[in-house]
Amino acid sequence: MASSSNTLFCFLALSIIALGANGQLSSTFYSTTCPNLQTIVRSAMARAVAQEARMGASILRLFFHDCFVNGCDGSILLDDTSTFTGEKNAGPNANSVRGFNVIDTIKSQVEASCPAKVSCADILALAARDGVNLLGGPTWTVLLGRRDAKTASQSAANNNLPGPSSSLQTLITMFGNKGLTAKDMTALSGAHTIGQARCTTFRSHIYSDTNINAAFAATRKQTCPQSGGDNNLAPIDVQTPTRFDNAYYQNLVGQRGLFHSDQELFNGGSQDSLVSTYSTSASTFISDFVNAMVKMGNISPLTGTNGEIRLNCRKIN
Ligand code: HEM
């Protein structure tokens with residue numbers, strides 16, 4: 001009797017470990033089916049970031065835009081076909097999200113090592129984590145076991161992703177719709193400590209808003225004219241654009257946020273004190289960011305027999 005209840009206990013304990021704390025994803029999901037997965041992703045990301053530091057940022061954003069549109073299911077990676085309109089050309093993504101080739105490269109290396117085992121959604125989650133870490137940010141344990149969507153939705157991409165002119169209330173609501181708190185939203189926005197943005201996304205902020213440092217606005221206007229130059233790039237973090245640090249929040253406190261939406265986090269509203277805290281405590285920011293990244297990675301994953309393990313991230317099997 002005692003030994004059978006011990007056996008039952010062990011079985012339950014192992015099941016809980018295998019399924020992960022939220023009953024779905026698990027840190028050890030591929031430990032027998034693809035033991036080299038994390039090494040493959042890490043080395044490929046190291047090569048990509050060494051070639052172009054911005055790629056760490058681009059992959060992080062790709063993960064955000066995947067998770068916010070019907071969950072972290074690799075749907076953003078699907079190409080449009082003659083019969084299928086996906087997310088890549090939705091308003092917030094077209095001519096904007098990038099890094100698909102890097103994910104393709106990683107996927108082909110993973111397929112060579114462990115065929116048909118690892119989802120594109122999980123590769124993206126790991127690659128985003130490694131991009132952050134390679135640019136000087138934290139690392140963390142990524143929970144795995146997501147499967148890939150067999151469909152994608154352009155309208156969901158248009159409706160679920162916040163834009164650079166969003167108000168604080170809109171940002172809080174849109175993150176709330178995904179089960180993320182205002183604090184998660186403010187911490188995740190710290191991702192804007194890396195990467196670049198096109199003039200068209202911040203023109204109205206630098207020309208029309210008044211809650212912006214005048215010298216900063218003048219600098220940005222030099223390469224972002226009032227008309228034309230829509231695709232001219234500027235660093236989102238004016239201080240250290242390829243370093244994952246808390247400078248983004250220092251910028252906000254100094255009214256050097258690049259987007260209207262960024263500066264909304266420090267404009268006399270509910271997030272001001274958290275922004276101030278992050279601006280002086282990198283460690284508080286980092287621990288809240290990691291916590292929020294894990295939460296974001298848990299948005300509606302496909303698990304079990306739902307979805308599929310895509311063989312090519314750009315198309316369904
Ligand atoms: C809070 C709401 C957010 C808004 C309104 C927003 C908006 C934007 C916009 C407009 C761009 C520039 C796109 C372009 O010029 O083509 C951008 C870039 C970026 N965003 Fe966000 N974003 C938000 C939250 C996030 C979150 C939660 C993450 C990740 C956790 C993130 C990561 C990034 C990164 C890394 C870039 C630079 C990408 C690159 O250089 O390729 N953003 N964002």
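The values are calculated or read from the model by the stated rules, or taken from the named source; none is laboratory data. Quantities reported herein were computed from a predicted structural model and do not represent experimental measurements. Glycine also receives a Cβ, built like all others from the backbone with ideal geometry; neighbour counts cover every protein chain displayed.
One table, with the values for the structure above:
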| item | result |
| --- | --- |
| Among residues of region 156-203, those that are near the ligand (Cβ under 6 Å from one of its atoms) and in contact with a strand residue (DSSP E or B) (Cβ under 9 Å, 6 or more places away or on another chain), counted | 6 |
| Qualifying residue in region 79-94 (condition: at pLDDT 95 or above and closer than 14 Å to A125 by Cα) | no |
| Counted residues, region 42-74 - those being assigned to a helix (DSSP H, G or I), in contact (Cβ under 8 Å) with a residue 12 or more places away in the chain and away from the ligand (no atom under 16 Å from the Cβ) | 3 |
| Per-region count, region 289-309, residues under 17 Å from H65 (Cα atoms) and either in contact with a His (Cβ under 7 Å, 6 or more places away or on another chain) or outside any helix (DSSP H, G or I) (or both) | 5 |
| Evaluation of N89 against (1) more than 13 Å from the chain's Cα centre (by Cα); (2) within 16 Å of the ligand (Cβ to nearest atom); (3) within 16 Å of S155 (Cα to Cα); (4) crowded, with 20+ Cβ neighbours inside 10 Å (one fails), failing number | (4) |
| Verdict on F216 being touching a Cys at 6+ places or on another chain (Cβ under 9 Å) and outside any loop (DSSP other than H, G, I, E, B) | no |
| Residues satisfying the stated conditions in region 204-231, i.e. β-branched (V, I, T), more than 13 Å from F259 (Cβ to Cβ) and within 14 Å of the ligand (Cβ to nearest atom) | T223 |
| Single residue of region 75-131 satisfying the filter (among the β-branched types (V, I, T) and part of a helix (DSSP H, G or I)) that is nearest to S300 (Cα to Cα) | I76 |
| The listed residue being over 17 Å from D79 (Cβ atoms) and assigned by TED's automatic domain parsing to the domain that holds G74, out of N133, N101 | N133 |
| Condition met for D237 (touching a Ser or Thr at 6+ places or on another chain (Cβ under 7 Å), in contact (Cβ under 8 Å) with a residue 60 or more places away in the chain and not in a helix (DSSP H, G or I)) | no |
| Residues (over 19 Å from F244 (Cα atoms) and within 13 Å of the ligand (Cβ to nearest atom)) located in region 267-296 | Q271, K295 |
